[in-house]
Amino acid sequence: DPETDLALLHIDLPDLHALDLQHDDTIQVGDVVLAIGNPLGLGQTVSMGIASATGRSHVGITTFENFIQTDAAINRGNSGGALIDTNGNLIGINTAILSRSGGWEGIGFSTPASTAYQVMSDLIKYGRVIRGWLGVTVENLTPVTASSLGLTELTGGLVRHVELGSPAHQGDLRPGDVLLGINDQKVNDGYEAMNIITGTSPGAELTLQVLRQGKLHTLHVTIGLRPPADN
């Protein structure tokens, strides 16, 4: 799945013990976590730290980001390794680090097991990950853009592009609209808006709260099926 950088492998070893998958996002900031992997070619290596943050996005690693941030050491070779809790449950897949030097500086990111579970389930069932699609590009508001639209807060997502014939076009969403809410849930920025849309099942209906030329509008759209990403 290119948009989460996760792949599914089938291992034909019936006696292989599998980790329990903690796929309900119960991890909290401060919880002790352990990173397992093969850093710098040193197999069977474990490092310990805490969950520094959850729901970390805007990192620029994958299309859809909802990372667990940890200070458990993650180095080259750790990617794809397990992040587990103190009960041995799989809570994440180690993905990347943030570093100026290229080495470990205390900031690592893991894809939550809940995301891995969804990707795994869809790949098994459909051969691809099923995501919702509106056919829009939604960007974050800048202070200048917000001011020009009469907004006093940097909340909501600015609709930059609407694809002709898409569910968004059919639902009367227009470029220049500011998406303020989805199903009465406040939208903080464009990234959050896109995550809500892609996380909605195709065929479901969403109610959008939109600011257009200073006036509030309520639109009803039916979610389509997001086209598969290029590998």
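Structure data summary
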read-out: The chain - Rg over Rh from alpha carbon coordinates, Kirkwood radius; value: 1.03
read-out: Rotationally averaged projected area of region 56-108 (alpha carbon convex hull; nm²); value: 3.8
read-out: For q = 0.13, 0.14, 0.18 Å⁻¹, Debye-computed log10 I/I(0) when each Cα of region 100-231 counts as one equal scatterer; value: -0.63, -0.71, -0.99
read-out: Solution diffusion estimate, µm²/s, Stokes-Einstein, region 29-71, Kirkwood Rh from C-alpha pairs, 37 °C, viscosity 0.692 mPa s; value: 281
read-out: Tyr117 versus His58: modelled label distance in nm, points set 7 Å from Cα along the beta carbon direction; value: 2.9
read-out: Asp31 - accessible surface, heavy atoms, 1.4 Å probe, Å² rounded to 10; value: 60
read-out: Rg(Cα) / (2.2 N^0.38 Å) computed for region 121-196, rounded to two decimals; value: 1.26
read-out: Kirkwood-type radius of region 8-95, with distances r between different C-alpha atoms, in Å; value: 13.8
read-out: Accessible surface, region 67-120, averaged per residue in Å² (probe 1.4 Å); value: 40
read-out: Region 185-213-region 86-105 distance, computed between alpha-carbon centres (Å); value: 30
read-out: Radius ratio Rg over Rh of region 155-228, counting only Cα atoms, Kirkwood formula for Rh; value: 0.92
read-out: Probe 1.4 Å, all protein chains present, accessible-area order of Ser99, Ser201, largest first; value: Ser201, Ser99
read-out: Derived scalar couplings ³J(HN,Hα) [region 55-72; Karplus, 6.51 cos²θ - 1.76 cosθ + 1.60; whole Hz; x for Gly, Pro]; value: x, 6, 9, 6, 8, x, 9, 10, 5, 10, 10, 8, 6, 8, 9, 9, 9, 5
read-out: Order of exposure, largest accessible area first, which applies to Tyr191, Tyr126, Tyr117 with probe 1.4 Å; value: Tyr126, Tyr117, Tyr191
read-out: Charge tally in the Cβ shell below 11 Å around Thr137, where Lys, Arg are +1 and Asp, Glu are -1, Thr137 excluded; value: -1
read-out: Backbone HN-Hα couplings from phi across region 27-32 [Karplus 6.51/-1.76/1.60, Hz, Gly and Pro as x]; value: 5, 10, 4, x, 5, 6
read-out: Cut-off under 5 Å, modelled amide H: who pairs with Ala53 long-range; value: Gln69
read-out: Translational diffusion of region 83-131, µm² s⁻¹ [Kirkwood Rh, Cα pairs; Stokes-Einstein; 37 °C; 0.692 mPa s]; value: 262
read-out: Amide H contacts of Ile107 (H built 1.01 Å from N, under 5 Å, at least 5 apart or other chain); value: Leu98
read-out: Protein accessible area in the chain, 1.4 Å probe - carbon and sulfur %; value: 51
read-out: Rounded to whole Hz, the Karplus (6.51, -1.76, 1.60) HN-Hα couplings of region 175-189, x for glycine and proline; value: x, x, 5, 10, 7, 9, x, 10, 6, 6, 9, 4, 9, 7, 7
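The values are calculated or read from the model by the stated rules, or taken from the named source; none is laboratory data. Here the structure is a predicted model, which is why all the values come from computation and not from measurement. Don't worry about glycine lacking a Cβ; one is built from the backbone with ideal geometry, like all the others, and counts go over all protein chains shown. Each accessible area value is taken on the protein alone, full model and side chains, heavy atoms only, with ligands, DNA and RNA left out. Shrake-Rupley method; radii C 1.70, N 1.55, O 1.52, S 1.80 Å.
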